[in-house]
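**Q** Take a look at the following structure, please.
Since every read-out is calculated from the coordinates, none of them should be taken as a lab result. The model shown is predicted, which means the values in this text are computed figures rather than measured ones. Cβ coordinates were reconstructed from backbone atoms using ideal geometry, including for glycine residues, and neighbour counts include every protein chain displayed.
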Amino acid sequence: MVIKVFLATSSGSTAIKKKQQDVVGFLEALKVEYAELDIACNEQNRMWMRQNVPEEKKPSNGIPLPPQIFNEESYCGDYDTFFDAKEDNTVYAFLGLPPPPGSKTFFVQLSLKGLITQSSVIYLLHQGFWFLLVSL
């Protein structure tokens with residue numbers, strides 16, 4: 001699975017540039033495989049991003065701003081949801097990825113294949129997809 005980060009390499013907005021750098025820098029620090037897809041220089045990337053951000057996640061003007069993050073074709077979120085996941089130490093779940101062995105968020109494996117848990121958080125691997133289950 002490759003994480004896709006849609007960004008604008010020639011953005012005039014300092015805020016957008018900082019957000020893009022934050023996402024890319026954090027993914028690099030975690031050693032997460034990702035691809036940068038430029039929406040400023042590539043019309044196909046821009047149109048794909050706009051069409052695949054869910055309607056309820058689009059701003060009132062209907063045009064989502066970068067960075068937007070996808071796991072292959074599956075929408076993960078925008079910068080704000082990425083930031084929240086980073087603050088909550090749930091970035092791997094946000095990205096739809098299992099936590100890597102040896103990381104802070106790697107969980108103790110149980111006897112059931114594909115099921116890992118720590119306190120009230122459970123990751124379940126089912127048919128190639130990771131699901132995050134939280135017990136309240």
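**Q** In debye to the nearest 20, how big a dipole does region 54-100 give about its Cα centre with +1 on each Lys and Arg Cβ and -1 on each Asp and Glu Cβ?
**A** 80
**Q** While we're here: How long is the gain from ILE16 to ASN61 if the chain were fully straight, where each residue apart is worth 0.36 nm and the alpha carbon distance is subtracted?
**A** 14.5 nm
**Q** Select from PRO66, LEU95, SER11 the residue farthest towards the positive end of the dipole of region 3-97; place +1 on Cβ of Lys and Arg, -1 on Cβ of Asp and Glu, and compute about the Cα centre.
**A** SER11
**Q** Under the rule a/c < 1.5 gives rounded, and otherwise a/b versus b/c splits prolate from oblate, where does region 1-90 land using the Cα gyration tensor?
**A** In terms of gyration-tensor shape, rounded.
**Q** Placing +1 at every Lys and Arg Cβ and -1 at every Asp and Glu Cβ, with all other atoms neutral, what dipole size does region 1-54 have around its Cα centre, in debye to the nearest 20?
**A** Here region 1-54 has a charge dipole of around 180 debye.
**Q** Give, rounded to the nearest 20 debye, the magnitude of the charge dipole that region 3-97 has about its Cα centre when Lys and Arg contribute +1 at Cβ and Asp and Glu contribute -1 at Cβ.
**A** 260
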